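Notes for the one structure printed next.
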Amino acid sequence: MTSSKPSPGGARPMRADARRNRERILAAAEAVFAEKGPSASTEEVAARAGVAIGTVFKHFPTKQELLQAIMKDLLGRLDRDMAALAADDAPGEALFTFVARMVEQAAQKRTVVGLLAETGIDLQVASSVQMLHEGIATLLVRSQEAGTVREGVRPDEVIALLTGICQGALHAGWDRDLQRRTLAIVFDGLRASADRR
């Protein structure tokens, strides 16, 4: 049975079924906005999530709050991905894997970021990437220790590259082929000379 006691901050913890509904709504919203763009409706999100429209509004009273939650959820997933990659037994490709995932997400979230901008929220790629600084630095060090990333590459340089690439993917909506080709060039510059392909 789920406790309904208030948490230390005063807010009641979310019940398990409510938490599941919220996760389903976010996943559905992400897919619907990616497929249908700005014309996607909250009703379509509810139908995709398999919940009533009232359930969507209970969790996200406005479309803006839903869009913000999608971006917050994405940053949380990226942070968890980074931690998993940092703990991986094969750290050599971890940094490259993470950078590729971030660029892919930037290209996919173009509609969500555009809709947030229309509501007056300007999501800054640089500040989002900067929030991941510590994890990126860890992945960089582990890749350097594994000998796949050349010595002398610094975390701020990786963050500058990642910011620029994500900005391009986000605003131009890069397709998978352009992502792959661009990342191949960037990765070639980061790789240790013996490991260049």
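The values are calculated or read from the model by the stated rules, or taken from the named source; none is laboratory data. Model, not experiment: these values are computed from the prediction. All Cβ positions, even for glycine, are placed from backbone atoms using ideal geometry, and neighbour counts span all protein chains on display.
Please determine whether any residue of the stretch 101-112 is of a type outside the set (Gly, Ala, Ser), modelled with pLDDT under 70 and under 27 Å from Arg20 (Cβ atoms). Yes, the stretch 101-112 has at least one match. Checking Asn21 against (1) assigned by TED's automatic domain parsing to the domain that holds Asp177; (2) buried (at least 18 other Cβ atoms within 10 Å of the Cβ); (3) not small (Gly, Ala, Ser), only one condition comes out false. Which one? Of the numbered conditions (1) assigned by TED's automatic domain parsing to the domain that holds Asp177; (2) buried (at least 18 other Cβ atoms within 10 Å of the Cβ); (3) not small (Gly, Ala, Ser), the odd one out for Asn21 is (1).
Screening the stretch 15-79 for helices (runs of 4 or more DSSP H) wholly inside it with 2 or more residues that are under 24 Å from Met131 (Cα atoms) returns the ranges 16-36. Tell me which residues, restricted to the stretch 157-172, are over 15 Å from Ala107 (Cβ atoms) and among the β-branched types (Val, Ile, Thr). Across the stretch 157-172, the qualifying residues are Val158, Ile159.
Looking for something outside the structural domain of Ala28 (by TED's automatic domain parsing), under 12 Å from Glu30 (Cα atoms) and either surrounded by fewer than 17 Cβ atoms within 10 Å (Cβ to Cβ) or hydrophobic (A, V, I, L, M, F, W, C) (or both) - is there at least one such residue anywhere in the stretch 79-90?
Scanning the stretch 79-90, I find no residue that is outside the structural domain of Ala28 (by TED's automatic domain parsing), under 12 Å from Glu30 (Cα atoms) and either surrounded by fewer than 17 Cβ atoms within 10 Å (Cβ to Cβ) or hydrophobic (A, V, I, L, M, F, W, C) (or both), so the answer is no.
Within the stretch 57-74, residues that are over 13 Å from Arg19 (Cα atoms) and in contact (Cβ under 8 Å) with a residue 24 or more places away in the chain have Cβ atoms under 6 Å from residues that are in a helix (DSSP H, G or I) and β-branched (Val, Ile, Thr) in these pairs: Leu67/Val112; Ile70/Val112, counting only partners at least 6 apart in sequence or on another chain.
Residues of the stretch 130-161 that are under 16 Å from Asp188 (Cβ atoms) and either of a type in the set (Ser, Thr, Tyr) or at pLDDT below 90 (or both): Ser143, Thr148. Filtering the stretch 142-194 to residues that are under 18 Å from Ala90 (Cα atoms) and either under 17 Å from the mean Cα position of the chain (by Cα) or buried (at least 16 other Cβ atoms within 10 Å of the Cβ) (or both) leaves Arg142, Ser143, Gln144, Ala146, Thr148, Val149, Arg150, Phe187, Leu190, Arg191, Ala192.
Contact annotation: residue pairs with Cβ atoms under 7 Å, 6 or more positions apart or on different chains, pairing a residue in the stretch 125-147 that is of a type outside the set (Gly, Ala, Ser) with a partner that is at pLDDT 90 or above and not in a helix (DSSP H, G or I), are Leu140/Val149; Leu140/Val153; Gln144/Glu151.
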